[in-house]
Amino acid sequence: MPDSPLRMPDSSLLVRARVARVTALAVVASCAATVSSSAQQPLAEQAEIRRTPFGVPHILAENLRAAAFALGYVQMEDYGGRVVRGLIRARGEMARTFGPDSIGTDFHFRQSLARARETYHWLDSDTREVYEGFATGVNHFVSLHPDAFDHYVPRFTGHDVAARGIVRNRANRITRFLDALEARTDSMATPQDRGGRAAGSRFTRTAPAGDRARRAGVAAFGHAAAANPTPAPSDTRDLWRAMAALEEAEEGRAHPDVGSNAWALAPDRTTTGNAILLRNPHLSWDAGYYEAHVTVPGVLNFYGDFRIGGPFGIIGGFNERLGWATTNNNPDLEEIYALEPDPHRTNHYLFDGGSIPLEREEITVEFKNGEGFGTQTRDLWRTPLGAVIHQEGGRIFVIRAAREGEYRVGQQFLRMMRAGDLAEWKEAMAAQARTSSNLTYADADGNIFYVWNAATPVIPHPPTGDTLATDVGRSDEVWTRIVPFAELPQFLNPPGGYLHNENDPFHFTNLGGVMDPADFPPNFPEPRLGLRSQHGLALVSGDDRLSLEEVVRRKHSMGMLLADRLKDDLIEALRAARSDADVQEAADILASWDNTVARESRGGVLFAAWAQSYLTDVDTDSLFAVPWSVDEPTATPRGLGSPVAALEIFERTLTELEELGISPAAAWGDVHRVRRGDVDVPVGGCGGSLGCFRVLSFEEDEDGKRRAVRGDGWVLAVEFSEPAPRAYSVLAYGQSDREDSPHFDDQAAMFADNRMKPVAFTEDDIAAGLVRSYRPGEEAR
């Protein structure tokens, strides 16, 4: 292992360019205390790290603090620089470390750190033990590798680790509203009636409840404001946009292929009579999944993915008795409200018949400025309803977000990881600290369960979507509670013995019990079932019995459902057009294609190139002859809706492929590759919008080949057999981001071959596959 983990290559060009500047000098300026190796040694003696093939760490510890200590240590071994950067960000010290270009997010993270410090003592002792152990493990690694930090040793605390889990406002939701606001040059209508409140405008929707004359006698806002204007709070649009950019960089949320697949099969649908769970996320390949196994005898025995930089994150996996898989669901967790400023008092607003002061928080952030440091100060404003995000057109816009500042996410996950049965797991979930995600569950008792998890407000007004605010002035016009966990959409042991989710709403989770949208509030999503979901249903909704190995095989289905729906019509249109010989030859290629994106399949490259342009260039309402219908959820959309446009796009596609030097008859794997380290191999898979279940998306390399960069990454399939679960997994991009590590690329070829490795879960399995064993800081044995 090299002595400079912070100088290893990083996927971010910005960080790569500056990685030499990530010195502890920048960190130590704000946290000068250091932790000596000797002070940490007792924890190191209480934990053992066992690495099995492909570098998976199996941690055996005497207690939770020691287990988390070892988890922090192994993450530093495999992803050192990234772990430290994440903790620096959590402290709000990116600009102090990297310079002023990184300052935008620091103001928000300073608030998260303050919230973590404020609430830390409210967490249960076990959760605090985990946070403190993880921080100490990171510190221990740094203290043993001072050269990587220019001989300075930073010290992180449990507060810093906890700050990473504080629930923040979703910046992408805020920026969508602000962008819409900015795009409407006519701004808000001139205030009228109702004591000066606009009766709803292009920016707001008036709340329906309440007495609209409640401020009788108050001068019309348009006149009073001119004489006594209320200063606008500091414009923080740039800060929200910086946070939105970070969210996008970390999750790639805007990409159409971001998401996950999940299945649960009941005992009557499996060959062994044991429940089976599949977890199949497909985020960017730098999303930071980290496969690990943590055991504290009698306390915890959990195998799963731990997002880099902390002990919890978005966790899916299993213990001896149960497991779960997460898939993104994007619920409506917040509302934007428009408040009326008090025309007579600076920085006040009118609410419930009174004048309420805005709450100002002045935050000063340091930034690296040459050899020294500069500072920047911003005023961030709040109300009891939520953060002020903007002021314009005689309105103060605030976001009221469910669970903003929630600090118990890690505590909830720890309880889920330690649960022994469905009742205990649901009790942990009922805390609703985790604000979103579908969760699909299976256990050794034979239960399968699904919940559309969301901290969704119970709103007393119509939903406004992403572009409008609701005009309010009384407490009864704003939401004050969230939908209880027991009332969320959920299924337990449904007919047919299966559950599935591929990021679409909950309604068709099981076709034997379709959920009626009328049974749910108006801010819940409408029914939708995309092609990827339909593909998943075709694979799992039958009445046949599946083995764990068959689940793995089906998960790697190479079919492209969009081709099943459009190819025949496209070929018919090409034949009828009597186009030139090249077009007819291309039609022949499509006619002989098997509608898959298997590596050896020929025709898929041509169809996918055409389809991606067709889906982009043609108006959504004109894409299909028969659009998707709730009455035919698994058979629509179908048929070519715009044959003329399809022909024009097809001819253009042939020209574009020729310019790229790609034959229309090229095998899929000749063009689409897994390239990582020394591995360069063909791979099958395509985007979910094309109806692939094996989701991959690609970027073009200089040689014209397309390199997988997003999609299937960490995949887990587990059967809850006796006396212990049996499982397979694969982490496509490897256990380490260190290019000199043997575990940087050792799973890439296996992934491309649609294979998965057996999971070592029992002590016998770990011993049989043991590659090296050591305590944190020791040489491997």
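As an equivalent ellipsoid, the range 619-740 spans semi-axes of 34, 26, 10 angstrom, where each value is the square root of five times an eigenvalue of the C-alpha gyration tensor, largest first. In straight-distance terms, cross-link reach from residue 555 covers every one of the lysines whose alpha-carbon lies under 24 Å from its own, apart from those fewer than eight places away in the same chain; here that gives 567, 757.
Here the contact order of the chain, divided by its residue count and restricted to Cα pairs under 8 Å and six or more residues apart, works out to 15 percent. A simple spin-label model places pseudo-atoms 7 Å from Cα toward Cβ; at residue 648 and residue 382 they are separated by 5.4 nm. Other residues lying with their Cβ under 13 Å from the Cβ of residue 591 contribute a combined charge of -3, Lys and Arg counting +1, Asp and Glu -1. Model label sites at residue 299 and residue 663, defined 7 Å from Cα along the beta-carbon direction, differ in position by 6.2 nm. Enclosing the Cα atoms of the range 327-367 in their convex hull gives a volume equal to 152 cubic angstrom per residue. With the charge dipole of the chain set up from +1 on Lys and Arg Cβ and -1 on Asp and Glu Cβ about the Cα centre, the Cα lying farthest toward the positive end among the listed residues 274, 759, 98 is that of 98.
Expressed as a whole percent, the proportion of Cα-Cα pairs in the range 441-495 lying more than 15 Å apart is 64%.
FRET efficiency for the residue 771 to residue 344 pair, using the beta carbon distance and R₀ = 56 Å, is estimated at 0.15. Take the Cβ atoms of residue 749 and residue 724, set R0 to 35 Å, and the FRET efficiency comes out at 0.75.
Every pair of different Cα atoms in the range 531-676 enters the Kirkwood calculation, which places the hydrodynamic radius at 16.5 Å. Within the shell of other residues whose beta carbon sits under 14 angstrom from the beta carbon of residue 519, the net charge comes to -3, with Lys and Arg scored +1 and Asp and Glu -1. Across the chain, counting alpha-carbon atoms alone, Rg and Dmax equal 27.6, 83 Å.
Just in the range 669-727: which GluC sites (Glu not before Pro) are loop by DSSP and have at most 13 other Cβ atoms within 10 Å? Sparse-neighbourhood loop GluC sites (Glu not before Pro): 702. If you average the sequence gap of Cα pairs under 8 Å that are 6 or more apart and divide by the length of the range 316-415, what percent do you get for the contact order? Worked out over the range 316-415, it gives 24 percent. Annotation for the range 514-607: GluC sites (Glu not before Pro) lying in DSSP loop with at most 15 further Cβ atoms inside 10 Å of their Cβ are 600.
Atom-type composition of the exposed protein surface of the chain places 49 percent of the accessible area on carbon and sulfur (1.4 angstrom probe). Electrostatic tally near residue 374: other residues with Cβ closer than 9 Å to its Cβ, Lys and Arg +1, Asp and Glu -1, net 0.
Taking the inverse of the mean reciprocal distance over all distinct Cα pairs, the Kirkwood hydrodynamic radius of the range 563-633 comes to 13.4 Å. Rolling a 1.4 Å probe over the heavy atoms of the protein chains gives the chain an accessible area of 37 Å² per residue.
Annotation: peptides 656-663, 428-435, ranked by per-residue average of other Cβ atoms within 10 Å with the highest first, follow the order 428-435, 656-663.
Once the Cβ-Cβ distance of residue 364 and residue 632 is raised to the sixth power relative to R0 = 51 Å, the FRET efficiency obtained is 0.30.
The values are calculated or read from the model by the stated rules, or taken from the named source; none is laboratory data. Model, not experiment: these values are computed from the prediction. Please note: Cβ atoms are built from the backbone with ideal geometry, for glycine as well, and neighbour counts cover all protein chains shown. Areas reflect the complete protein model, heavy atoms only, side chains present, ligands, DNA and RNA absent. Shrake-Rupley method; radii C 1.70, N 1.55, O 1.52, S 1.80 Å.
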